[in-house]
């Protein structure tokens, strides 16, 4: 090759490199330039390759090409305050944690569940007042008397049952996370208050509604004496679900409204528990008439708002009730995992409908059902035979084996990063299978953005905030939480 040809080739290569930016130490004018702040990333993937796994940090910047899907975070537009993310320490859940684990396992699990540093930071527990369909030794209330007898003065009232193993775990949880909030609700009043004479189904005898109000007061006082404050109560779990299979009660909307206005609220105020929130309804999304009737009744002035479950209807019911009564709050208080379902599908469903769906539809809480169950989905008390706890404690091994179920990771992707007192801030979310999201600003000013890719293929998107952005690609059926100051 002649010298002239070599010179010509070198000149051509130099020209191409210069055009592409490779012949200069100066980046192209439209290149992405990181300028902060740094963004921490935590991911759970549907294939379980990553489980609450920290990833390489991202950085906000300018220039370059944002992805076509852009999640815009606007911290100046603010919505409801978050009370907490959690589950229920049912009698069964408390039993398996207290009795089926050795002391070191139990302490480690409690720190993992409730710790805000190193744990998933659960910040809410919804506690049954007495037996539910998950109780170890059958039905119990806090005022049990022989069949055919009544105790309207509550002379037999006692929380001794809870003091054996439920209250010690609640005290431990509060020591780990002092910001933990407790809700309380009965699945049934004591059997002697019922028209049927049994905790399993049937209505409440109107003659004992004053006694039921004092039953709540005595419960709050007893728990307070053990160092446990309850921040919210509801009259009745699932008042439209009366069954002879397990503790339950039929309570019509007008009965609940009358009890709250005439009995419960005055009793709480008279005992210096006027600051305890009263929640109405506490049942499925498929009925908005019941909660709206409460909010239109004489009980409305005493109600903080209404609570919802996932077992019927869809999450849009919360928005309908909120829009009809925007001065009243919404809580999401129960949904259970199911044994044998698919991890990826459940990760998507829980994140889409509860952690994102419920909170984007004004919920101040997201609470699942049993915090823990054994390998047989129990112990049960006549109810669900295939429910799954947030964790499973398998007693067939020595020591017992703890399995963190999909619900653990779904809850952790929000509870670990959006703390009590965080305020939901504005984001756009893409319907039709695009990236879904919700964002919160914590009391310290930090922001937590939860994102979901519900599709079977990966999706790229950008996160925009205060004139800057970064691009990210989320694997199929996966969840990512982004946090920054």
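The values are calculated or read from the model by the stated rules, or taken from the named source; none is laboratory data. The structure presented is a predicted model; accordingly, all values stated were derived computationally and were not measured. For neighbour counting, all protein chains shown are included, and Cβ atoms are generated from backbone atoms with ideal geometry for every residue, glycine included.
Only one of these conditions is not met by residue 416: (1) touching a strand residue (DSSP E or B) at 6+ places or on another chain (Cβ under 7 Å); (2) over 30 Å from residue 188 (Cα atoms). Which number is it?
(1)
I'd like to verify a number: residues in segment 89-117 that are buried (at least 16 other Cβ atoms within 10 Å of the Cβ), assigned to a loop (DSSP other than H, G, I, E, B) and either under 20 Å from the mean Cα position of the chain (by Cα) or at pLDDT below 95 (or both), how many?
The total comes to 4.
Quick one: would you say residue 148 is in contact with a helix residue (DSSP H, G or I) (Cβ under 6 Å, 6 or more places away or on another chain), part of a loop (DSSP other than H, G, I, E, B) and on the phi > 0 side of the Ramachandran plot?
Working: in contact with a helix residue (DSSP H, G or I) (Cβ under 6 Å, 6 or more places away or on another chain): no; part of a loop (DSSP other than H, G, I, E, B): yes; on the phi > 0 side of the Ramachandran plot: yes.
Spelling it out, it is not the case that residue 148 is in contact with a helix residue (DSSP H, G or I) (Cβ under 6 Å, 6 or more places away or on another chain), part of a loop (DSSP other than H, G, I, E, B) and on the phi > 0 side of the Ramachandran plot.
Of 256, 238, which residue is part of a helix (DSSP H, G or I), buried (at least 18 other Cβ atoms within 10 Å of the Cβ) and in contact (Cβ under 8 Å) with a residue 40 or more places away in the chain? I'd like the intermediate steps shown before the answer.
Numbers: 238 fails: part of a helix (DSSP H, G or I).
It is 256.
Among the listed residues 393, 425, which satisfies the condition of being surrounded by 19 or more Cβ atoms within 10 Å (Cβ to Cβ) and over 28 Å from residue 186 (Cα atoms)?
None of the other options fit; the residue is 425.
Name the residues in segment 192-224 that are surrounded by fewer than 18 Cβ atoms within 10 Å (Cβ to Cβ) and on the phi > 0 side of the Ramachandran plot, would you?
Matches in segment 192-224: 197 only.
Residue 86: surrounded by 15 or more Cβ atoms within 10 Å (Cβ to Cβ), assigned to a strand (DSSP E or B) and modelled with pLDDT of 95 or more, yes or no?
For residue 86, the condition - surrounded by 15 or more Cβ atoms within 10 Å (Cβ to Cβ), assigned to a strand (DSSP E or B) and modelled with pLDDT of 95 or more - is met.
Condition check ((1) in the same structural domain as residue 233 (by TED's automatic domain parsing); (2) over 21 Å from the mean Cα position of the chain (by Cα); (3) under 24 Å from residue 424 (Cβ atoms); (4) surrounded by fewer than 19 Cβ atoms within 10 Å (Cβ to Cβ)) across all residues:
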{"position": "282", "(1), (2), (3), (4)": "yes, no, yes, no"}
{"position": "285", "(1), (2), (3), (4)": "yes, no, yes, no"}
{"position": "301", "(1), (2), (3), (4)": "yes, yes, no, yes"}
{"position": "306", "(1), (2), (3), (4)": "yes, no, yes, no"}
{"position": "313", "(1), (2), (3), (4)": "yes, no, yes, yes"}
{"position": "318", "(1), (2), (3), (4)": "yes, no, yes, no"}
{"position": "336", "(1), (2), (3), (4)": "yes, no, no, no"}
{"position": "340", "(1), (2), (3), (4)": "yes, yes, no, yes"}
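Can you name every one of the strands (runs of 3 or more DSSP E) wholly within segment 354-419 that holds 2 or more residues which are under 15 Å from the mean Cα position of the chain (by Cα)?
Details: elements: 363-370, 372-374, 391-394, 401-404.
Strands (runs of 3 or more DSSP E) meeting the threshold: 363-370.
Within segment 308-327, count every residue that is out of contact with any strand residue (DSSP E or B) (no Cβ under 8 Å at 6 or more places or on another chain) and assigned to a helix (DSSP H, G or I).
5
Surrounded by fewer than 18 Cβ atoms within 10 Å (Cβ to Cβ), on the phi < 0 side of the Ramachandran plot and modelled with pLDDT of 95 or more: which single residue out of 297, 244 fits that description? Walk me through how you get there before you give the answer.
On the way: 297 fails: surrounded by fewer than 18 Cβ atoms within 10 Å (Cβ to Cβ).
Exactly one of 297, 244 is surrounded by fewer than 18 Cβ atoms within 10 Å (Cβ to Cβ), on the phi < 0 side of the Ramachandran plot and modelled with pLDDT of 95 or more, namely 244.
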